[in-house]
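Any read-out appearing in this document is the output of simple, stated calculations on the displayed coordinates, not a laboratory observation. None of the values given here were measured: they were computed from a predicted structure. When we count neighbours, we look across all protein chains shown, and the Cβ atoms used for this are built from the backbone with ideal geometry, even at glycine.
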There are 2 protein chains.
Amino acid sequence: MDRKVYLDYAATTPLLPEVINQMCEVLKEDFGNPSSIHHYGRKSKMIIEQSRKVIANYLQASIGEVFFTSGATESCHTIFYSCIQDLGIQRIISSVAEHHCVTHTLGELKNKFPEIEITLLPTDSYGRIENQRLIDQLNSNSKKSLVCLMHGNNELGTMHDLETIGAICKNHGALFMVDCAQTFGKYPINVNQLNISFLTASAHKLYGPKGTGLMYINNDNIIKPLFLGGSQERNMRSGTENVHGIAGFAKATEIAINEMELRTKTTLKIKNYAKERLLEISNVLFNGCPDHSMYHVLSTSFPASEKSDLIMFNLDIAGICASSGSACSSGVEHDSHVLKAIGHDPKRKTIRFSFSHFTTTEEIDFLVSALKSNCV
Amino acid sequence: MDRKVYLDYAATTPLLPEVINQMCEVLKEDFGNPSSIHHYGRKSKMIIEQSRKVIANYLQASIGEVFFTSGATESCHTIFYSCIQDLGIQRIISSVAEHHCVTHTLGELKNKFPEIEITLLPTDSYGRIENQRLIDQLNSNSKKSLVCLMHGNNELGTMHDLETIGAICKNHGALFMVDCAQTFGKYPINVNQLNISFLTASAHKLYGPKGTGLMYINNDNIIKPLFLGGSQERNMRSGTENVHGIAGFAKATEIAINEMELRTKTTLKIKNYAKERLLEISNVLFNGCPDHSMYHVLSTSFPASEKSDLIMFNLDIAGICASSGSACSSGVEHDSHVLKAIGHDPKRKTIRFSFSHFTTTEEIDFLVSALKSNCV
């Protein structure tokens, strides 16, 4: 069977034709080094600055607050280290259900800077922190604090309420860092209104290219660059800029903004259809918050059975691309740290299906029929 | 005048059509996240591993010693910090004429790790360190040392003798890190024969894409990743891989290996022709070592005159893209740290012309005639 049904849009997305065209044009025509002061250099520089403007407008940030990086992982790393080394942050509060680029980096910071207090708040059974716990934590001492949370949980789909949490941070004088890898370009984000100090995102979750990401850094927080060298990105990130990647990111963002309403509506419809159809399978449950959930992620928990142990394997054979909620390491599967955080029954098997406005009901039908006949 | 003559190939290079095609194909067809275990993920993973093989073969390294990054600047940063934090390096010996991503990073390391001895050796008037000084320095104490030098100097073209320096490092038990940004794919490099412990390079100097680089890390030196997260690149560099960039880098390397002899011959011929023609201008001198010089870089020193003050400006107006040997900051031009290192007369004006096998004698004629009529 050669048919492939891609239901893993939260892992990465196919690039839009317009994005590919834009990138290929830059690859062909605009090869200049943006640091060169001649014709070709200036042209590349202009592409970067126009791209920055697109991103800044979306976030309602100023242009000088947006910096391009190689991806959200680099952005997170840069911000965490700078907060400690440049801004005197003495405490970082995050959650147990964050992406590994946060949890693992915080683990390392704990070793490298033992004087820094690092707290990972537990989550409720939906993957959200309890706001009162955050308030209590912030009130427990007067250390200069950074709160770091993801906007939308990549495994569960659950969304944090940035407005409330941003206000809590503001009231307590804490900086607020938001991992928007899953939500950038999918939801309106006004960094000022939400009191966001730092934001990270990657282009490849938004029908843009891999290898390009960004960090928003609020003007009030002057941090030093991670990489030193040619002083690119207004001296915030040395290294010759990935011009075609940046142009592709901006194009993907531009289209995402224009289509936001339509994509939201269409994808949500597909997700609801998928939920409805998946419920035909006996004893299926959905993880994550039903009320505050990204429209493209559906974490689906299947009952234990002989077949469900091999569900990912069998889905792959059936041509269906989805993602296990578990990290697979040397053949032994464990529940992920996120599923553990929400108290997921380890005997059950969770698969994350993630959708796009391109996903059709027919693809969902194909999935459900494959699940029924081979997988569960 | 609309004609453009690009003589700045050491700053960056136009991408080869084959590289663009390869990248556009990956952008279109192979969007999977290499960490996904399904069909699309496996295909992307395969592209990365095949690319790694191309690079490893060129360097005569093993596949497990090559890691892709966002560029040489990231690679340098990663290696320096890891050498101190993971390998217990107590002394770093480099030169005053290295790229800023080395000199600035070493400056920062000096502040962050005051216990680390950092020595920047002076260079001779060609930009080469004197080997005896390196030996003396290594003999001066028994601290565990890293020697970091560039293979070919980006501003001068001067090349270090890696074989001799590699042997010195080996004899003194020092690790050897080589910045090959300007030479990767242009010269044969056998990391084992040259006793290289670490090597850094970028794709965009070799008719490949911006935003992709690499580090070679000899198997004997187990270092920790800079970025933590998804454990990509065999757990040496987290962050979703820039698959199309990596594929483009490998394609550019593949072609460079095949054409190495021809490119060397053709470009050297052009450089010699340029030298000959530039000498028609009164009192022109060339910086850098005449005997050990990269075939694509010609650092040209013009006598002081009213016109030569504006030489870069006038070349740009004439449609000629070259690079100043000077760093221009807020309108005030100073000699670069490299020109200072070789004792360049600050009253003279240095322009770096850098060539390609695509450069024609006719372009050189155009340059010389523009220089004669407007610039000097």
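Annotations for the structure displayed:
- Alpha-carbon centroids, the range B:285-309 and the range A:146-198: separation in whole Å: 53 Å
- Candidate lysines for bridging to residue A:186, where Cα separation is under 17 Å - those fewer than 8 sequence places away on the same chain excluded: A:205, A:251, A:265, A:269, A:271
- Scanning residues 5 or more positions from residue A:176 or on other chains, those with amide H under 5 Å from its amide H are A:147, A:197, A:198, with H placed 1.01 Å from N in the peptide plane.
- Charged neighbours of residue A:152, selected by a Cβ distance under 12 Å, balance to -1 (K, R count +1; D, E count -1).
- Amide H contacts under 5 Å for residue A:6, placed H, 5+ residues apart: A:321
- Inter-copy label distances at residue A:372, shortest first and taken from points set 7 Å along Cα to Cβ: 8.5 nm.
- Comparing A:214, A:278, A:310 in a Gaussian network model of chain A, where Cα atoms under 10 Å apart are tied by springs, the biggest mean-square fluctuation is seen for A:310.
- Sequence-distant lysines (8 or more away, or on other chains) whose Cα lies within less than 18 Å of residue A:340: A:349
- Cβ nearest the rotation axis (A onto B), residue from chain A and distance to the nearest whole Å: A:70, 2
- Protection proxy ranking, peptides B:85-91, B:148-154, A:33-39, average beta carbon neighbours within 10 Å, highest first: B:148-154, A:33-39, B:85-91
- Taking chain B as a Gaussian network of alpha-carbon nodes connected by springs under 10 Å, the highest mean-square fluctuation of the residues B:28, B:205, B:143 belongs to B:28.
- Within 10 Å of the Cβ of each residue in B:30-36, the mean number of Cβ atoms contributed by other protein chains is 6.
- Relative to its Kirkwood radius, the Cα radius of gyration of the range B:19-132 gives an Rg/Rh of 1.12.
- Note that the range A:292-306 has calculated 3J(HN,Hα) couplings of 10, 9, 5, 6, 10, 10, 9, 7, 10, 10, 9, x, 5, 6, 4 Hz, one per residue in order, obtained from phi through the Karplus relation 6.51 cos²θ - 1.76 cosθ + 1.60 (θ = phi - 60°); glycine and proline are x.
- Surface/4 estimate of mean projected area, convex hull on alpha-carbon atoms of chain B, nm²: 19.1 nm²
- Inter-copy label distances at residue B:234, shortest first and taken from points set 7 Å along Cα to Cβ: 3.9 nm.
- Mean Kyte hydropathy of 0.0 or more with a Cα span along the axis of at least 15 Å, helices from DSSP in chain B: B:72-85
- Highest average first, the peptides A:238-246, B:367-375, B:234-242 ordered by how many other beta carbon atoms sit within 10 Å of their residues are A:238-246, B:234-242, B:367-375.
- Extending 7 Å from the Cα toward the beta-carbon at both residue B:163 and residue A:119 defines two label points whose distance is 6.4 nm.
- Estimated at 0.36 nm per residue, the fully extended path between residue B:18 and residue B:361 surpasses their Cα-Cα distance by 121.0 nm.
- Reachable lysines, given that their alpha-carbon falls under 17 Å from the alpha-carbon of residue A:112 and they are not under 8 places away in the same chain: B:112, B:224
- Mean partner shielding of peptide A:40-48, defined as the number of other chain Cβ atoms within 10 Å of each residue Cβ, is 2.
- Distance in nm between pseudo-label sites at residue B:259 and residue A:264 (7 Å out along the Cβ direction from Cα): 5.0 nm
- 222 nm mean residue ellipticity, helices alone, for chain A (DSSP H n ≥ 4; -39,500 (n - 2.57); rounded to 500): -12000 deg cm²/dmol
- Where labels lie 7 Å past Cα in the beta-carbon direction, separation of residue A:285 and residue B:60 in nm: 6.1 nm
- Label-point spacing for residue A:282 across the identical copies (point 7 Å from Cα in the Cβ direction), in nm and ascending order: 10.0.
- Peptide A:74-85 is shielded by partner chain Cβ atoms: per residue, an average of 2 of them sit within 10 Å of its Cβ.
- Overall dimensions of the protein assembly as shown by Cα: Rg and Dmax, Å: 27.0, 89
- Amide proton proximity set for residue B:156, modelled H, under 5 Å, gap of 5+: none
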